[in-house]
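Asks: Got a structure for you, written out below as structure tokens; questions coming shortly.
Derivation of every value follows stated rules applied to the coordinates shown; laboratory data play no part. Keep in mind that what you see is a predicted model, and the values were worked out from it rather than measured. Cβ sites come from the backbone with ideal geometry, for glycine too, and all protein chains shown count toward neighbours.
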Amino acid sequence: MAKYGMVIDLHRCVGCGGCDLACKSENNTPDGINWADHKIETHGKWPNVKYTHRPTLCNHCEDAPCVRVCPTQAMYKDENGMTVHDPSKCIGCKSCMLADPYGVIHFNKKTGFIEWGSDDSTIVKGGTTSKKELAQMSNAPFPYFNVERGADGYEAIRGKGAVEKCTFCNHRVKKGMMPHCVESCPAEARIFGDLDDANSNVNQLLNAHKAEVLMPEKGTKPKVFYIRSYN
């Protein structure tokens with residue numbers, strides 16, 4: 001079986017945030033929950049200032065602390081080495097969030113997008129459409145709902161009291177497709193592939209460049225690698 005990982009080439013990254021938007025549209029993440037995100041830092045004093053932009057996501061660690069502490073095995077490693085989650089087994093204890101050093105696991109305080117079924121307010125009475133009307137016209141929980149997110153049995157919209165996080169778009173990978181953030185990156189800064197295949201693109205890049213991972217001192221063995229620099 002393939003063991004998947006991702007390389008992010010910071011030299012190619014233009015900081016556009018396209019990966020963040022692609023992830024939200026693909027995985028139906030509500031406001032305030034971003035499986036794909038980024039960290040921005042500025043160092044130095046004018047005129048010697050350095051700006052950095054680093055995309056972030058679940059690191060799908062080989063020794064994932066979130067998996068080790070989950071009491072119900074809702075968080076688990078699949079056959080391809082990806083760290084995935086079963087919301088139906090999640091009891092909302094947040095143990096995984098406490099164990100996660102990267103801050104990439106999120107808790108649903110409410111079921112996402114419920115306002116689309118109840119909010120009938122309008123900006124201009126008689127002139128604009130309400131959220132409820134838009135949802136009804138699109139025949140979906142909300143207008144940009146992606147039904148494919150739930151095609152593999154994973155809940156398309158996660159309910160109140162469950163956690164959620166990046167799954168490397170496992171529903172797409174199972175069909176031989178790339179994660180949507182990889183496919184949508186205009187600069188081709190994200191490279192996804194089999195770490196067990198010596199000839200894969202990810203391994204070729206890791207052999208050609210010195211790679212870094214986030215918080216190596218934690219010993220989690222992340223499978224998201226960063227090469228080169230943003231500027």
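Asks: For the pair SER88 and ALA211, how long in nm is the line joining their label points, each one 7 Å along Cα→Cβ?
Replies: So the two model labels end up 3.4 nm from each other.
Asks: Please compute the volume of the convex hull spanned by the alpha-carbon atoms of the chain and report it per residue in Å³.
Replies: It comes to 161 Å³ per residue, whole-number rounded.
Asks: May I ask you to derive the relative contact order of segment 1-110, considering only C-alpha pairs under 8 Å and at least 6 residues apart, and to give it as an integer percent?
Replies: Relative contact order here is 22 percent.
Asks: Further, regarding this structure: Report relative contact order for the chain in percent, whole number only (criteria: Cα-Cα under 8 Å, sequence separation at least 6).
Replies: 34 percent
Asks: Next question, about the same structure. Add -39500 (n - 2.57) for each DSSP H run of 4 or more in the chain, then divide by its residues: what number comes out at 222 nm, to the nearest 500 deg cm²/dmol?
Replies: After summing the helix terms and dividing by the residues of the chain, the value is -4500 deg cm²/dmol.
Asks: Could you tell me the calculated FRET efficiency between HIS38 and LEU134, based on Cβ-Cβ distance and R0 = 25 angstrom, to the nearest 0.05?
Replies: Result of the calculation: an efficiency of 0.30.
Asks: Here's something else I'd like to know. Most fluctuating residue of CYS70, CYS96, CYS16 in a GNM of the chain with Cα springs under 10 Å: which is it?
Replies: Of the options given, CYS16 has the highest mean-square fluctuation.
Asks: While we're looking at this one, here's another question. Only Cα pairs under 8 Å and at least 6 apart count here; give the relative contact order of segment 142-230 as a rounded whole percent.
Replies: Across segment 142-230, relative contact order equals 12 percent.
Asks: Spin-label point model (7 Å from Cα, Cβ direction): what's the THR111 to ASP197 distance in nm?
Replies: 4.0 nm
Asks: Assuming R0 = 22 Å, what is the FRET efficiency of LYS174 and ARG228, from their Cβ-Cβ distance, to the nearest 0.05?
Replies: 0.10
Asks: Another question, then. Just subtract the alpha-carbon distance of LYS160 and MET1 from 0.36 nm times their residue separation and send over the number in nm, one decimal.
Replies: 53.8 nm
Asks: Moving on to the next point. About its Cα centre, what dipole magnitude does the chain give when the only charges are +1 on Lys and Arg Cβ and -1 on Asp and Glu Cβ, stated in debye to the nearest 20? Spell out each step's value before the answer.
Replies: Working: 29 positive and 27 negative charges, 102 e Å.
The calculated dipole for the chain is roughly 480 debye.
Asks: For the chain, modelled as a GNM with alpha-carbon contacts under 10 angstrom, which of GLU183, GLU79, GLU41 fluctuates the most?
Replies: Its mean-square fluctuation being the largest, the pick is GLU41.
Asks: Gaussian network model of the chain, Cα springs within a sub-10 Å range: biggest mean-square fluctuation belongs to which of ILE123, ILE105, ILE157?
Replies: The residue with the greatest mean-square fluctuation here is ILE123.
Asks: Which of the pairs LYS39/LYS89; LYS109/LYS221; LYS3/LYS210; LYS132/LYS174 have their Cα atoms more than 22 Å apart in this structure? Each step should come with its number before you reach the end.
Replies: Working: LYS39/LYS89 31 Å; LYS109/LYS221 30 Å; LYS3/LYS210 20 Å; LYS132/LYS174 34 Å.
Correct reply: LYS39/LYS89; LYS109/LYS221; LYS132/LYS174.
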